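Beneath this line is the structure, given in structure tokens, with notes to follow.
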Amino acid sequence: MEPLSPSYAATVAHRLTTFLLVAAIGVGVFMTADAVIGGPRHVAFDASAPLDFKLLPRGLYPTSEQRTGMVVEDPTAREQRLALAADLVPLLLLVAVLWLLRGVARSVRDGDPFVRENVRRLRAIGVLLIVGVLAVHYVGEALQSALLDPYGRSPFEPVSVPGLLPADDEFPEVQLLCGLGAFVLAQVFAHGVQLREDVEATI
Amino acid sequence: MPPEPSDDRIGVHLDRLLERRGMTLTELADRVGLTVVNLSILKNGRARAIRFSTLAALCDALDCQPGELLTCKPAADSRNRAG
């Protein structure tokens, strides 16, 4: 089957994913190099802190704790490693997804998208977006809790003394839906591959 | 027992007809307007479908009927039932 001539949109998509991939890898390399050979790493994270009721007007009360940014003065080596891990884990997931997406974009640019490699790539993207995003979410929470541990209470202990808790990050439902979409798209491509093979084998 | 895939049951007797007509695959490809590669796919049983236009062109070039070019093996389950 003759490949279609490349469309401008497909070429732009390929270039954009390549640029994002190179940028993500560059950021990761820079962060790691900075942690290894640079000076003390700036450690900052979000946390939930209880609001002082006395500061509020009468008749008003908060329904949740206030999310605020925290910066650690003179972070220890352990805190720097935890902060680096919390930043690198989602970045690795992003690099993996962009790598696979770039492969799909390249095949679309080349006018030959219905190949078995794209079915595998899209299924891998689906797995990364569902399993990977959940793993990143919970690893991130664990890392944030570990960072908070010297400064506040464990989130699982009864709160009798106000302390710091990990910031309540939103559940990544959008990424999970995108992962399901990737699985559906993989099946569409699988049908496309089948149709292509049937056409190529029709004399 | 599920029936065999239909692709495997259709036999293509191109070799026999080419030999009978004293024709090469390349000559046949030129006459019917197909590539040698496509005809090889048909000859080696790797084709999944054939267009009526292609079948008619082959029959004209080989001076034969479709039944001489293509045969269908009986399904394994019907053969087992008869046996």
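The values are calculated or read from the model by the stated rules, or taken from the named source; none is laboratory data. Just so it is clear, the structure is predicted and the values come from calculations on it, not from any experiment. Methodologically, a virtual Cβ is constructed for each residue, glycine included, from the backbone with ideal geometry; neighbour enumeration extends over all protein chains shown. Just so you know, the surface numbers come from the protein's heavy atoms only, side chains and all, with ligands and any DNA or RNA stripped out. Shrake-Rupley method; radii C 1.70, N 1.55, O 1.52, S 1.80 Å.
Along the Cα→Cβ direction, 7 angstrom out, place labels at A:Leu56 and A:Val71. What is the inter-label distance in nm?
2.9 nm
What whole-number value in Å² describes the accessible area per residue of the range A:57-100 for a 1.4 Å probe?
71 Å²
So between B:Asp8 and B:Thr26, what do we pick up on full extension, going 0.36 nm a residue minus the alpha carbon distance?
3.9 nm
Could you go through the range A:71-82 in sequence order and give the Karplus-derived ³J(HN,Hα) for each residue, using 6.51 cos²θ - 1.76 cosθ + 1.60 with θ = phi - 60°, rounded to whole Hz, and x for Gly and Pro?
Values, residue by residue: 10, 8, 7, 6, x, 6, 4, 4, 5, 5, 5, 5 Hz.
How much FRET efficiency would the formula 1/(1 + (r/R0)^6) give for A:Arg15 and B:Phe52, where r is the Cβ-Cβ distance and R0 is 35 Å, rounded to 0.05?
My answer for the efficiency is 0.20.
Under 5 Å between amide H atoms, partner at least 5 residues away or on a different chain: which partners does B:Ile50 have, H built in plane at 1.01 Å?
Close amide H contacts, sequence-distant or interchain: A:Ile203.
Want the number for A:Arg196 to A:Leu88: 0.36 nm per residue separation, take away the alpha-carbon distance, what's left?
Gain in length upon complete extension: 34.9 nm.
At 7 Å along Cα-to-Cβ for each site, give me the label-to-label distance between B:Gln65 and B:Val36 in nm.
Result for the modelled spin labels: 3.3 nm.
Taking R0 as 25 Å, what's the FRET efficiency between A:Leu177 and A:Glu117 from their Cβ-Cβ distance, rounded to 0.05?
After rounding, the FRET efficiency stands at 0.55.
For the range A:78-94 and the range A:104-146, what is the centre-to-centre distance using only Cα atoms, to the nearest Å?
After rounding, the separation between the Cα centres reads 19 Å.
Roughly how big is the A-B contact, given as buried accessible area in Å² (both sides, 1.4 Å probe, nearest 100)?
Approximately 700 Å², summed over both chains.
Can you list the HN-Hα couplings for the range B:67-74, worked out from phi with the Karplus curve (6.51, -1.76, 1.60; θ = phi - 60°), rounded to whole Hz and with x for Gly and Pro?
Result, ordered by residue: x, 7, 7, 10, 10, 10, 6, x Hz.
Mind listing the phi-derived Karplus ³J(HN,Hα) values for the range A:90-103, rounded to whole Hz, using 6.51, -1.76 and 1.60 with θ = phi - 60°, and x for any glycine or proline?
Each residue's phi maps through the Karplus curve to give x, 5, 4, 4, 4, 4, 4, 5, 5, 4, 5, 5, 4, x Hz.
Considering only protein heavy atoms, with the full assembly of protein chains and a 1.4 angstrom probe, order B:Lys43, B:Lys73 by accessible area, largest first.
B:Lys73, B:Lys43
List the residues of the range B:45-60 that lose 20 Å² or more of accessible area once all protein chains are present, compared with their chain alone (1.4 Å probe, heavy atoms only, no ligands or nucleic acids).
Those residues are B:Arg48, B:Ala49, B:Arg51.
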